[in-house]
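Remarks on the structure that follows.
The numbers here are math on the coordinates, done by the rules we state, and not lab data. These numbers were taken from a predicted model, which means no experiment stands behind them. Neighbour counts are summed over all protein chains in view; Cβ atoms, including those assigned to glycine, are modelled from backbone coordinates with ideal geometry.
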Amino acid sequence: MKKLFITCLAAGILLLVGKESHAQDYNNAIGVRVGSNTGINFKTFIAANRAIDLNLSVRDKNDFKRIFFTALYEVHNPVGGAAGLKWYYGAGGSLGSWRYKKEDGDLFLSADGVLGLDYKIPGAPLNLALDWRPRLEITPDTDVLTDDVGLAIRFTF
């Protein structure tokens, strides 16, 4: 609980520091996000520093299987002195299904947050992003998950 509080406090401070709007380095990007949940990732900017991030992810670990769709609204801010590097935060939701061993599974719905770094490689159509996505599962059981860390590798266009 203490780690979650410190993380939320740090995110709040970052929100207060970076309120300026800056142009993005790319409009769209598609690729993969690997980590505790792995899948297809698509990001599109809808304004100079606002993006929609969509994911179709799977998790298959120790007899626990999960497939889900996530949609996130993100706000991007530059990191001073680092061309192409931005930090971002946002929120959204996930809808999916899970199954444990051979038991019947269930559908789940969650409210998701995101905090990360986004780097557009200068002169190349490549983008890398490292992020943390805490999740409040609303159904079928209420739970807070904080283990979703991933690296996105995307082609930009």
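A simple spin-label model places the labels of residue 121 and residue 82 1.7 nm from each other, with each point 7 Å out along Cα-to-Cβ. Under 5 Å between amide hydrogens, built in the peptide plane, is the criterion, and for residue 36 it picks out 149 among residues at least 5 positions away or on other chains.
Averaging the sequence gap over all C-alpha pairs within less than 8 Å and six or more residues apart, then dividing by the number of residues, gives the stretch 89-145 a relative contact order of 30 percent.
The aspartates and glutamates whose alpha-carbon is closer than 16 Å to the alpha-carbon of residue 61, local same-chain residues fewer than 8 away aside, are 103, 147, 148. Contour minus end-to-end for residue 48 and residue 145, with contour as 0.36 nm per residue of separation and end-to-end as the Cα-Cα distance? Difference between extended and current length: 31.8 nm. Which residue, chosen from 155, 69, 90, occupies the Cα position most advanced towards the positive end of the dipole of the stretch 2-156, where the dipole is computed from +1 (Lys, Arg) and -1 (Asp, Glu) charges on Cβ about the Cα centre? Selected residue: 155.
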